[in-house]
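The values are calculated or read from the model by the stated rules, or taken from the named source; none is laboratory data. For clarity, every value in this text was computed on a predicted model and none was experimentally measured. Heads up, the Cβs are rebuilt from the backbone with ideal geometry, glycines too, and the neighbour counts pull from every protein chain shown. Protein only, heavy atoms only, side chains kept; ligands, DNA and RNA dropped before computing areas. Shrake-Rupley method; radii C 1.70, N 1.55, O 1.52, S 1.80 Å.
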There are 2 protein chains.
Amino acid sequence: MSKLLIVGTVAFDAIETPFGKTDKILGGAATYIGLSASNFNVDSAIVSVVGEDFPQEHLDMLAARNIDISGIEIVEGGKTFFWSGKYHNDMNSRDTLVTELNVLADFNPVVPENYKDSEIVMLGNLHPGVQMSVINQMTEKPKLIVLDTMNFWMDCAWDDLLAVIKKVDVITINDEEARQLSGEYSLVKAAQKIHKMGPEYVVIKKGEHGALIFNDGNIFFAPALPLEEVFDPTGAGDTFAGGFSGYIAKHEDISFESMKNAIIYGSNLASFCVEKFGTQRMESLTKEEIIERLKQFKQLTQFEIEVN
Amino acid sequence: MSKLLIVGTVAFDAIETPFGKTDKILGGAATYIGLSASNFNVDSAIVSVVGEDFPQEHLDMLAARNIDISGIEIVEGGKTFFWSGKYHNDMNSRDTLVTELNVLADFNPVVPENYKDSEIVMLGNLHPGVQMSVINQMTEKPKLIVLDTMNFWMDCAWDDLLAVIKKVDVITINDEEARQLSGEYSLVKAAQKIHKMGPEYVVIKKGEHGALIFNDGNIFFAPALPLEEVFDPTGAGDTFAGGFSGYIAKHEDISFESMKNAIIYGSNLASFCVEKFGTQRMESLTKEEIIERLKQFKQLTQFEIEVN
């Protein structure tokens with residue numbers, strides 16, 4: 001089994017959806033990625049930063065899932081990154097109400113000594129300079145570096161973003177971001193252009209419309225599971241990335257065939273994430289539930305047509 | 001092989017897309033459905049109406065594909081239904097520029113005697129009263145009645161629409177229409193409500209995001225093939241319906257397993273339709289191209305995960 005190094009935020013979120021609202025609850029890209037990847041029982045570590053206000057119980061919860069938390073810096077007297085958002089009725093768009101960077105503003109990631117040789121590196125959404133710093137700390141060239149990012153960094157850190165994109169093997173972004181990054185409306189053309197920026201594999205997340213992975217003329221598609229209710233989409237993209245990187249780390253196979261399964265698992269895990277507020281559903285998730293849902297994905301997509 | 005009866009418009013379209021514009025060209029729901037279904041070499045007939053201005057060559061083209069055209073009434077001195085529309089840059093929305101009902105205004109469909117026992121009936125998008133009249137003319141109860149409709153009839157012929165929906169086995173509508181018809185945002189819930197209105201099978205078309213079929217707790221999904229360029233989306237939904245009903249008619253199998261294959265073929269054929277203006281691509285389509293694309297659909301969707 002490969003070691004999986006995760007960098008990203010560990011944070012507080014306050015979320016409002018048509019179904020209700022929360023106070024400050026556990027959130028952050030690395031939290032969701034770590035929780036999701038932990039379903040593969042991989043040896044993982046999170047590199048992040050929190051403030052003194054961050055409850056020990058959250059750290060204990062992560063550690064109990066075999067996630068090394070020695071790379072989560074706790075800043076004395078500091079406050080944890082806080083994001084608050086409100087989803088519109090269609091759940092596909094949201095307004096950011098509050099962003100308090102707090103300790104994230106001066107975050108200087110330090111990769112723990114025994115994870116500097118991690119085979120798989122998952123760079124969660126964060127300033128591209130921080131993502132680059134993590135890559136530069138690796139003493140062995142990772143077998144696979146996966147990068148997640150968002151439009152915010154295209155708007156305000158374009159050069160840094162391009163520099164880190166050049167260094168990674170897989171990029172995961174949503175459809176609108178793929179269009180913004182490439183200047184192409186067609187996702188097929190967008191993926192072609194993004195390939196040329198560096199990543200051999202381009203994963204385009206389309207939310208409720210599933211996800212596509214592109215590589216050298218090959219395309220594979222993982223649908224999202226049609227759900228009666230999407231309760232809270234927060235963290236779904238990170239959970240997808242955690243399922244993807246966790247699957248790859250467990251199976252130590254970076255072929256396109258393996259990545260097909262990895263995006264199916266990413267979509268599988270994301271379908272749970274949205275069922276409750278925040279990390280709630282991911283914390284209670286069992287292996288049996290994941291396998292049951294995998295069967296649903298098969299029923300949803302697998303067909304037999306005789307070609308004659 | 002079953003007989004396939006198709007009702008719908010045979011019309012002129014004038015189309016404008018970001019790639020160019022056409023003069024009056026061949027269009028209409030029944031035209032696209034018939035062309036699409038003809039790829040299965042089924043015994044089909046179109047019930048429709050055109051004006052004296054309609055070129056014989058179009059009728060000959062349909063007849064050459066084994067489509068019985070004796071049910072296409074030619075109104076002396078009448079003008080053919082004409083629609084003109086302009087697509088926006090994203091190709092997902094369009095403005096209707098002109099709608100001239102012409103001979104369609106007084107259309108009284110007459111099912112040819114030897115198609116009154118058709119096993120499969122495909123009711124293309126048209127006034128629900130016309131669709132009902134076709135059902136009422138059948139002398140044998142069809143094995144499967146498929147209905148396509150759109151939001152226009154929900155706005156202006158609600159009661160007629162509900163009455164015909166009650167009579168059909170399969171309804172195909174797009175996602176926004178499913179939401180309007182059911183009052184539910186979630187497509188899973190929308191399908192449940194639409195089931196209760198009559199149809200045992202609900203097909204929800206999501207354009208570039210594929211199509212879902214729902215039946216009694218079962219869900220199956222056919223993606224749309226990711227394309228470099230969508231040249232003209234006109235007729236894609238009708239082509240999908242023609243592929244669906246043509247497949248069912250050829251295989252004489254109305255099980256859910258058969259319908260899964262039918263929506264894959266629907267999506268397959270629709271992916272060709274959008275490659276050129278109007279019916280152009282469908283007229284030149286070969287069996288080899290369809291089989292080649294079927295392989296692409298398999299590569300796009302089929303995976304093997306060992307559950308352990």
Requested in this report: Could you tell me which numbered condition B:VAL230 fails, if it satisfies all but one of (1) over 20 Å from B:GLN131 (Cβ atoms); (2) part of a helix (DSSP H, G or I)?
Outcome: (2)
Report task. With the checklist (1) crowded, with 16+ Cβ neighbours inside 10 Å; (2) more than 14 Å from every other protein chain (Cβ to nearest Cβ) in hand, flag the one item A:THR139 doesn't pass. Result -> (1)
**Report entry** the stretch A:167-194 - residue that is open to solvent by 50 Å² or more (accessible area, probe 1.4 Å), closer than 23 Å to A:LEU144 by Cα and over 19 Å from the mean Cα position of the chain (by Cα) and, of those, nearest to the other protein chains (Cβ to nearest Cβ)
**Finding:** A:GLN192
Query raised in the report: Among the residues of the stretch B:290-308, how many are more than 12 Å from B:ALA224 (Cβ to Cβ), out of contact with any helix residue (DSSP H, G or I) (no Cβ under 7 Å at 6 or more places or on another chain) and open to solvent by 60 Å² or more (accessible area, probe 1.4 Å)?
Result: 7
Query raised in the report: Does B:ASP148 fit the bill of being crowded, with 23+ Cβ neighbours inside 10 Å, at pLDDT 95 or above and of a type in the set (Asp, Glu)?
Result: yes
Query raised in the report: For residues in the stretch B:204-225 being surrounded by 23 or more Cβ atoms within 10 Å (Cβ to Cβ) and within 19 Å of B:PHE272 (Cβ to Cβ), which is farthest from the other protein chains (Cβ to nearest Cβ)?
Result: B:LYS205
Query raised in the report: Which of the strands (runs of 3 or more DSSP E) contained wholly in the stretch B:13-132 include at least 2 residues that are buried (at least 19 other Cβ atoms within 10 Å of the Cβ)?
Result: B:25-27, B:43-51, B:82-87, B:120-123
Query raised in the report: Any chance the stretch B:248-261 includes a residue that's under 30 Å from B:GLY20 (Cα atoms), of a type outside the set (S, T, N, Q), within 9 Å of chain A (Cβ to nearest Cβ) and touching a residue at least 40 places away in the same chain (Cβ under 8 Å)?
Result: no
Query raised in the report: Do any residues in the stretch A:186-210 that are over 24 Å from A:ALA270 (Cα atoms) have Cβ atoms under 9 Å from those of residues that are open to solvent by 20 Å² or more (accessible area, probe 1.4 Å) and β-branched (Val, Ile, Thr), where the two are at least six apart or on different chains, and which pairs are they?
Result: A:SER186/B:VAL230
Requested in this report: Would you point out which residue out of A:GLY266, A:GLY278 is more than 13 Å from chain B (Cβ to nearest Cβ) and buried (at least 17 other Cβ atoms within 10 Å of the Cβ)?
Outcome: A:GLY278
**Report entry** Number of positions in the stretch A:245-254 that are open to solvent by less than 40 Å² (accessible area, probe 1.4 Å) and in contact with a strand residue (DSSP E or B) (Cβ under 7 Å, 6 or more places away or on another chain)
**Finding:** 4
Requested in this report: Keeping to the stretch A:163-180, report how many residues are under 26 Å from A:PRO112 (Cα atoms), free of Cβ contacts under 8 Å to residues at least 40 places away in the same chain and assigned to a helix (DSSP H, G or I).
Outcome: 2
Report task. Return yes or no: is B:PHE240 assigned to a helix (DSSP H, G or I), surrounded by 24 or more Cβ atoms within 10 Å (Cβ to Cβ) and aromatic (Phe, Trp, Tyr)? Result -> yes
Query raised in the report: Somewhere in the stretch A:127-150, is a residue in contact with a strand residue (DSSP E or B) (Cβ under 8 Å, 6 or more places away or on another chain) and over 23 Å from A:SER2 (Cβ atoms)?
Result: yes
Query raised in the report: B:GLU292 fails exactly one of the following numbered conditions: (1) more than 14 Å from every other protein chain (Cβ to nearest Cβ); (2) part of a helix (DSSP H, G or I). What is the number of that condition?
Result: (1)
**Report entry** Enumeration of residues in the stretch B:295-308 that are in a helix (DSSP H, G or I), farther than 21 Å from B:ALA37 by Cα and hydrophobic (A, V, I, L, M, F, W, C)
**Finding:** B:LEU300
